[in-house]
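The values are calculated or read from the model by the stated rules, or taken from the named source; none is laboratory data. If you're wondering where the values come from, they're calculated on a predicted model, not measured in any experiment. Using ideal geometry, Cβ is built from the backbone for each residue, glycine included, and neighbour counts are taken over all protein chains shown. Side chains are part of the model used for accessible areas, which takes the heavy atoms of the whole protein and leaves out ligands, DNA and RNA. Shrake-Rupley method; radii C 1.70, N 1.55, O 1.52, S 1.80 Å.
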Amino acid sequence: MARVVLVYPEVYDLARFKEKRKEFPPFGVLYLAAVAELEGHEVTIEKVSPSHTRLDFAGADLVAFSVPSSATYGIAKEARFNSTYDGDPIIAVGGVHPNFYPEQTVVDFAADVVGVGEGEDTFLDLLAVRDRRRLVDVPGLIVNTKDGLVRTAMRPMIKDIDHLPLPARHLLDVDDLVMADRLSNTDLQMAHIMLSRGCPFPCRFCAAAQTRMQYRSGASARHELIHLKETYGVEGFAVVDDNFIVNKRKVADVCESIKDLSLTWSALSRVDTVDEPLLHSMRGSGCIEIKFGMESGSERMLKAMGKRIKQDQIRNAVRTAHEAGINVKLFLIHGYPGENRESTHETMRMLEELAPMVTRVALFRFVPLPGTYVYNNPLEFGLRGTDKAPDWNGDWGKYHIHHNDDHWWGTDAEFTELTSSYAELRSLVDATWPERFDAPASTATVGA
């Protein structure tokens, strides 16, 4: 059996002002660890950060680096070359960025292989290889051979993700798994859970690597949630799926299966995939918050984003969720190409209209994330600063969505207007939905 080290960059969610708040656990890594352990392999998980990129991989047969976003590419790369090795371990890289740019990644990391597509079966086949020359026989890889890079056969997707073992949470510290202040307006001890994979919607700002949906059953969800209650004492959970509420029948199955567990939970959805019966079913099973990707209150901007939703759908979804007794959080993106003061004011008017029914708002400035339609079509949007532009400086770390005020597109005059209009929108959001962790006790609201 092999000795395996899985390496992931610790990522902080910096949406809260001046607070280092841990993101949800690295589910890709945890599932790889789980399937490897099930086959008898010895697995260790290591996390790296900008101040911790020097590790000792002595004794490892395989070292696999996870790159969950382009912003963490540099950290993972530093860890690859700052760390020490003995013997001749296989060096593998996977994750969101490598999936979009596998050939570049295998060269940058001097890796033996880069995974492309779904990872669990590929990882097991990789661990079974004892002769490096046989790596080219494993589907789902870019292989670095002495004759150059070889792309192996495409790996078919897993038909039934219910059969996967539970994520190997036991390999992480409890503090990386169980959190408070993360579930709507509560301080409940909670964990994160993944109940589906993929998102079929073609939003141009989103880097969804998988468009085909895979769902877990209600029985599978119940099994994991009972484990989380019994092992970690959680009182609630958040579904971290890209878009949990797509197939109403699948969601209803989960709700029916968990409604007697007395757990509080939240999930992310589009405004055009919910209806009154489903929302009441969710509320009856413990859901207290639904997070809608509103993005903008301007139909012109929504159309440009490929969002394919209308203002009335936003209004109806927010109202129906509110009437069902579910808190509403809205996600907004400001500054997508074409944004101006007029479209910003449309968003502000809609927020003012919806404010009595909205508990929280998260506002982000647009960033052309690698792998998105926008990023891959820089001439169409007049992008600057990408790896296709003359002013590219090689810094993948700038592609993060928190507090990012880079000038990505447009003239200086357009950027000045964009910055000014963002400040107006930011002021409205901060005044209407103050962070309960930053606002004075006398003005903090329970729904912030």
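Summary table below
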item	result
Flag if Glu235 is modelled with pLDDT of 95 or more and either closer than 24 Å to Ile161 by Cα or touching a helix residue (DSSP H, G or I) at 6+ places or on another chain (Cβ under 6 Å) (or both)	no
Hits in the range 172-204 - residues which are under 16 Å from Ser269 (Cα atoms), assigned to a loop (DSSP other than H, G, I, E, B) and in contact with a strand residue (DSSP E or B) (Cβ under 9 Å, 6 or more places away or on another chain)	Leu183, Ser184, Met194, Leu195, Gly198, Cys203
Residue list for the range 219-257, filter: over 23 Å from Ala208 (Cβ atoms), assigned to a helix (DSSP H, G or I) and in contact with a Phe, Trp or Tyr (Cβ under 8 Å, 6 or more places away or on another chain)	Leu225, Leu228
Test result for Leu330, out of contact with any helix residue (DSSP H, G or I) (no Cβ under 7 Å at 6 or more places or on another chain) and crowded, with 17+ Cβ neighbours inside 10 Å	yes
Ala221 modelled with pLDDT under 90, among the small types (Gly, Ala, Ser) and open to solvent by less than 60 Å² (accessible area, probe 1.4 Å)	no
Residue among Leu30, Leu62 that is under 20 Å from Glu10 (Cβ atoms) and in contact (Cβ under 8 Å) with a residue 24 or more places away in the chain	Leu30
Helices (runs of 4 or more DSSP H) contained in the range 46-141 and holding at least 1 residues closer than 24 Å to His400 by Cβ, of a type outside the set (Asp, Glu) and open to solvent by 30 Å² or more (accessible area, probe 1.4 Å)	73-82, 96-100, 102-108
Breaking point among (1) in contact (Cβ under 8 Å) with a residue 40 or more places away in the chain; (2) over 21 Å from Ala304 (Cβ atoms), for Asp391	(1)
Pairs where the first residue, in the range 342-358, is among the basic types (Lys, Arg) and the second is surrounded by 12 or more Cβ atoms within 10 Å (Cβ to Cβ), C-beta under 9 Å, 6+ apart	Arg349/Gly297
Selection status of Tyr336, open to solvent by 70 Å² or more (accessible area, probe 1.4 Å), within 16 Å of Phe205 (Cα to Cα) and among the hydroxyl-bearing types (Ser, Thr, Tyr)	no
Criterion (small (Gly, Ala, Ser) and surrounded by fewer than 19 Cβ atoms within 10 Å (Cβ to Cβ)) met by exactly one of Ser343, Ser262, Ser296, Ser269	Ser262
Filter pass, Cys206 being closer than 30 Å to Leu369 by Cα, of a type outside the set (Lys, Arg) and open to solvent by 40 Å² or more (accessible area, probe 1.4 Å)	yes
For Asp121: the one exception among (1) on the phi > 0 side of the Ramachandran plot; (2) touching a residue at least 24 places away in the same chain (Cβ under 8 Å)	(1)
Count of the range 151-177 residues which are open to solvent by 90 Å² or more (accessible area, probe 1.4 Å), over 17 Å from Gly233 (Cα atoms) and out of contact with any Asp or Glu (no Cβ under 9 Å at 6 or more places or on another chain)	3
Any chance Asp187 is free of Cβ contacts under 8 Å to residues at least 12 places away in the same chain and surrounded by fewer than 17 Cβ atoms within 10 Å (Cβ to Cβ)	yes
